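Beneath this line is the structure, given in structure tokens, with notes to follow.
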Amino acid sequence: MKIYDYTQAPNPRRVRVFLAEKGISVPYEQIDIFQRDNRKPPFLAKNPLGGIPVLELDDGTHIAESIAICRYFEALHPEPALFGSSAGEQAMVEMWNRRVELNLLNAIGMVWIHGNPMTAKIVKQIPENVEPARKRAAA
Ligand SMILES: N[C@@H](CCC(=O)N[C@@H](CS)C(=O)NCC(=O)O)C(=O)O
């Protein structure tokens, strides 16, 4: 088992934080998104969408999407229950996770992707996207 990771990127960080809170240790392999290693055929064979993180299981299964990876470890190691225990707790965790992903992470991501000189290396930036997204995140 291993996780394809990039220490500077936020989605793999979510998985690292989750595993640290669980006290679970998994080997990591760094995939440099600024060298576009995640967009080359060997990595696309693991995740055709090219995003990281990706969890590789010993049977060759690849699980992408940070929350799917976290859910996998939660199912294997239920305690501490980071997705909640009761129906109410689980619903609250899901509600906040959806809010953070849809309203906050997307908006902050737009500011980062379209406004930071580092990301200009890997995307065609549209600077007009920055201020509306900054306002959405602040709201
Ligand atoms: N919804 C996915 C998003 C994955 C994603 O977009 N990861 C970013 C890093 S935070 C990435 O791989 N960016 C480089 C690229 O898409 O080429 C998740 O939750 O894991």
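The values are calculated or read from the model by the stated rules, or taken from the named source; none is laboratory data. Note that the structure is a prediction, hence the values are computed from the model and not measured. As a convention, Cβ positions derive from the backbone with ideal geometry for all residues, glycine included, and neighbour counts pool all protein chains shown. These area figures cover heavy atoms from the full protein model, side chains too; ligands, DNA and RNA do not enter into them. Shrake-Rupley method; radii C 1.70, N 1.55, O 1.52, S 1.80 Å.
In the stretch 42-68, of all residues being more than 17 Å from residue 11 (Cα to Cα) and of a type in the set (Gly, Ala, Ser), the one that is surrounded by the most Cβ atoms within 10 Å (Cβ to Cβ) corresponds to 45. Among the residues making up the stretch 69-125, those that are farther than 24 Å from residue 55 by Cβ, open to solvent by 80 Å² or more (accessible area, probe 1.4 Å) and in a loop (DSSP other than H, G, I, E, B) are 117, 124.
So which strands (runs of 3 or more DSSP E) stay within the stretch 1-67 end to end and still have 1 or more residues that are within 11 Å of the ligand (Cβ to nearest atom)?
2-5, 54-56, 62-64
If you go through the stretch 72-110 and keep only what is in contact with a Cys (Cβ under 9 Å, 6 or more places away or on another chain) and in contact (Cβ under 8 Å) with a residue 40 or more places away in the chain, you end up with just 82. One residue alone among 113, 69 is within 30 Å of residue 123 (Cα to Cα) and in contact (Cβ under 8 Å) with a residue 60 or more places away in the chain, and that residue is 69. Residue 36 fulfils the conditions (1) touching a strand residue (DSSP E or B) at 6+ places or on another chain (Cβ under 6 Å); (2) surrounded by fewer than 17 Cβ atoms within 10 Å (Cβ to Cβ); (3) touching a residue at least 60 places away in the same chain (Cβ under 8 Å) except for a single criterion, (1).
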